[in-house]
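**Q** Quick one: structure below, then a few questions.
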Amino acid sequence: MKPGSEPVPVALPAGFAARLIEWQRRAGRHDLPWQGIRDPYRVWLSEIMLQQTQVSTVLAYYPRFLARFPDVRSLAGAQPDEVMALWSGLGYYSRARNLHRCAQVVVVEHGGCFPDSAESLQRLPGVGASTAAAIAAFCFGERVSILDGNVRRVLGRLLAFEEDLARAGPQQRLWGLAQALLPEQADAKDMVAYTQGLMDLGATLCTRSRPRCSECPVQDLCLAHARDAVQKFPIRTRHLRRQSVSWWLLLWRRPAPGGWQLHLQRRPASGIWSGLFCPPVYGTEAELLEVVPGQWRERVSMLPVISHSLTHREMRLHPVLLDLPTESHGDVLLPDGGWVDCGDLTGVGLPAPVRQLLDRL
Ligand code: SF4
């Protein structure tokens, strides 16, 4: 064991689970569209959408996705581009690709039924241990604990967990403690309320900044609060450092009957915005201008720069508009791309900042 990674003894507060269940039933969230159902397909979809995405955003996407793909078989049989188009704007597009693959695995290898335990659920593509636990607890009443980022924060504070949660060993130990905190002899309804209670506490009261401890149902059990050290927990030593990246986007437009057409290319299969459609991207302004024929240079106009944050990147997007003359009809000027009617972009998988940019245009 490395120095500094020795487990620190932790005392478990008595009565935590009962308190959380009572609070969730009385004051927790009950009206989200994925609550109160035991259909693993719908719970799984909501859990994947909610990873890294706020509830308010998911509320718009979830019903739309379900209207088009009401069950796992319809999703498994979909074209990848259609799945990406419906996901467009939610970000973290590997989730959409895994979602599609996972649906196909469920259909082909499990006869269209999701496995019914956390252990087997986490063998599915894109389903991590905490997501598997959430599906198993909500749909099958399994006595298993979730441990996503919000729950790590809640339990890190509740237990004043002194170890560094940037490391795998402490994370595993916290998971063991999360299991030990589960309600004893819980029935399926208790597991639903308990699991939802952990999520609700992290989302509404025990928030990253300015937690509302005075309203917290477990305040008197919380060690971080007792030590007046709430902001110290959870302990994470590794901080995310985002690299900055600048892209020049060439928006070729040409007149078409009833409006404009735009030239789009599919992004490569890996990297930023992989598999989505995007105007051609260049690393510098000079590279971009090189592909514009001399007679059209004066038509180029630079649009305001857009800043966009990804998990590991801080992006500066420089959109450059080039409206082509009518006589350019029929030319396909760039490789691996095609012309799309600007009024027809709803069904195209576009990155969120590109869609916002095109909407403004
Ligand atoms: Fe979080 Fe405060 Fe409740 Fe402790 S008392 S669990 S820090 S909200």
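The values are calculated or read from the model by the stated rules, or taken from the named source; none is laboratory data. Owing to the predicted nature of the structure, the values given are computational and were not obtained by experimental measurement. Cβ coordinates were reconstructed from backbone atoms using ideal geometry, including for glycine residues, and neighbour counts include every protein chain displayed. The protein model used for the area step is the full one, side chains on, heavy atoms only, and it has no ligands, DNA or RNA in it. Shrake-Rupley method; radii C 1.70, N 1.55, O 1.52, S 1.80 Å.
**Q** When segment 7-27 is examined, which residues are found to be of a type outside the set (Lys, Arg) and more than 17 Å from Leu155 (Cβ to Cβ)?
**A** Once the filter is applied, which keeps residues that are of a type outside the set (Lys, Arg) and more than 17 Å from Leu155 (Cβ to Cβ), segment 7-27 yields Glu22, Ala27.
**Q** Return the residue satisfying two criteria in turn: it lies in segment 212-239 and is among the aliphatic types (A, V, I, L, M) and closer than 17 Å to Asn150 by Cβ, and of such residues it is farthest from the ligand (Cβ to nearest atom).
**A** Ile235
**Q** Just to be sure I understand, how many residues within segment 40-74 are open to solvent by 40 Å² or more (accessible area, probe 1.4 Å), free of Cβ contacts under 8 Å to residues at least 24 places away in the same chain and in a helix (DSSP H, G or I)? Break it down into steps so the answer makes sense when it comes.
**A** As a first pass, look at segment 40-74 and keep what is open to solvent by 40 Å² or more (accessible area, probe 1.4 Å): 42, 50-52, 54-57, 59-60, 63-64, 67-68, 70-71, 73.
Within this subset, residues satisfying the condition of being free of Cβ contacts under 8 Å to residues at least 24 places away in the same chain are 50, 54, 56, 60, 64, 67-68, 70.
Pick out the ones that are also in a helix (DSSP H, G or I) and you get 50, 56, 60, 64, 67-68.
So the count comes out to 6.
**Q** So Ser274 clears everything in (1) touching a residue at least 40 places away in the same chain (Cβ under 8 Å); (2) near the ligand (Cβ under 10 Å from one of its atoms); (3) surrounded by 14 or more Cβ atoms within 10 Å (Cβ to Cβ) except one condition, right? Which one?
**A** Status for Ser274: all satisfied but (2).
**Q** A further question follows. All but one of (1) among the small types (Gly, Ala, Ser); (2) within 26 Å of Ala203 (Cα to Cα); (3) open to solvent by 60 Å² or more (accessible area, probe 1.4 Å) hold for Gly77, so report the exception by its number.
**A** (2)
**Q** Can you find a residue in segment 185-199 that is of a type in the set (A, V, I, L, M, F, W, C), within 16 Å of the ligand (Cβ to nearest atom) and surrounded by fewer than 19 Cβ atoms within 10 Å (Cβ to Cβ)?
**A** Looking through segment 185-199, none of the residues is of a type in the set (A, V, I, L, M, F, W, C), within 16 Å of the ligand (Cβ to nearest atom) and surrounded by fewer than 19 Cβ atoms within 10 Å (Cβ to Cβ).
**Q** Then there is this: Restricting the first residue to segment 137-157 and requiring it to be open to solvent by 50 Å² or more (accessible area, probe 1.4 Å), which pairs with a second residue that is within 14 Å of the ligand (Cβ to nearest atom) and not in a helix (DSSP H, G or I) meet a Cβ separation below 9 Å and a spacing of at least six or different chains?
**A** Asn150/Cys206; Asn150/Thr207; Asn150/Arg208; Arg152/Phe161; Arg152/Pro234
**Q** Residue under question is Gly202, and the condition is that it be touching a helix residue (DSSP H, G or I) at 6+ places or on another chain (Cβ under 8 Å), among the small types (Gly, Ala, Ser) and within 11 Å of the ligand (Cβ to nearest atom); does it hold?
**A** Values: touching a helix residue (DSSP H, G or I) at 6+ places or on another chain (Cβ under 8 Å): yes; among the small types (Gly, Ala, Ser): yes; within 11 Å of the ligand (Cβ to nearest atom): yes.
Spelling it out, Gly202 is indeed touching a helix residue (DSSP H, G or I) at 6+ places or on another chain (Cβ under 8 Å), among the small types (Gly, Ala, Ser) and within 11 Å of the ligand (Cβ to nearest atom).
**Q** Let me ask something else about it. So if I check each of Ala168, Ala224, which one is aliphatic (A, V, I, L, M) and touching a residue at least 12 places away in the same chain (Cβ under 8 Å)? First the steps, then the outcome.
**A** Numbers: Ala168 fails: touching a residue at least 12 places away in the same chain (Cβ under 8 Å).
Just one listed residue meets the conditions, Ala224.
**Q** Moving on. If you take the residues in segment 163-184 that are within 16 Å of the ligand (Cβ to nearest atom) and modelled with pLDDT of 95 or more, which one is nearest to Tyr41 (Cα to Cα)? Break it down into steps so the answer makes sense when it comes.
**A** Of the residues in segment 163-184, the ones within 16 Å of the ligand (Cβ to nearest atom) are 165, 174, 177-178, 181.
Subset that is modelled with pLDDT of 95 or more: 174, 177-178, 181.
Working: Leu174: 28, Leu177: 29, Ala178: 25, Leu181: 28 Å.
Ranking the candidates gives Ala178 first.
**Q** Quick check on segment 239-246. Is at least one of its residues crowded, with 19+ Cβ neighbours inside 10 Å and either hydrophobic (A, V, I, L, M, F, W, C) or under 24 Å from Leu158 (Cβ atoms) (or both)?
**A** For segment 239-246, residues crowded, with 19+ Cβ neighbours inside 10 Å and either hydrophobic (A, V, I, L, M, F, W, C) or under 24 Å from Leu158 (Cβ atoms) (or both): absent.
**Q** Separate question: Could you please let me know if Gly258 is at positive phi and either open to solvent by 10 Å² or more (accessible area, probe 1.4 Å) or within 16 Å of the ligand (Cβ to nearest atom) (or both)?
**A** Answer is yes for this residue.
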